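The values are calculated or read from the model by the stated rules, or taken from the named source; none is laboratory data. Computed from a prediction, not measured in an experiment: that's the story for all the values here. Glycine also receives a Cβ, built like all others from the backbone with ideal geometry; neighbour counts cover every protein chain displayed. Just the protein is used for accessible areas: all its heavy atoms, side chains included, with ligands, DNA and RNA removed. Shrake-Rupley method; radii C 1.70, N 1.55, O 1.52, S 1.80 Å.
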Amino acid sequence: MIRIDRKALTVRIRLHGTPAETAAALAAIAQVLHIQQVSRPYPDRRSPMFQRIYLDATPRKDARR
């Protein structure tokens, strides 16, 4: 059996939407994952009203399954 150190698990997430949508999604994700790093907003190439934000996150110790 392989043991996995949960502290070593990092997930990279890309959020895409309006500034309000990405802020709401970030707040919701922060309830479940520990956010390690958040990038600056990058404008969408096709539609200037949308942006992309990149996150690095790890599982919270207190997160329910």
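Looking at (1) open to solvent by 40 Å² or more (accessible area, probe 1.4 Å); (2) closer than 12 Å to LEU15 by Cβ; (3) not in a strand (DSSP E or B), can you tell me which one TYR54 breaks? That leaves (3) as the condition not met.
Inside the range 22-51, residues that are open to solvent by 40 Å² or more (accessible area, probe 1.4 Å) and part of a loop (DSSP other than H, G, I, E, B) make up a count of 9. For beta carbons closer than 7 Å, sequence separation of 6+ or different chains, a first residue in the range 13-32 that is under 19 Å from ARG60 (Cβ atoms) and free of Cβ contacts under 8 Å to residues at least 24 places away in the same chain and a second that is of a type in the set (A, V, I, L, M, F, W, C) and crowded, with 16+ Cβ neighbours inside 10 Å, the qualifying pairs are ALA25/LEU15. Of the residues making up the range 25-65, those that are of a type in the set (Lys, Arg) and out of contact with any Phe, Trp or Tyr (no Cβ under 6 Å at 6 or more places or on another chain) are ARG40, ARG45, ARG46, ARG60, LYS61, ARG64, ARG65.
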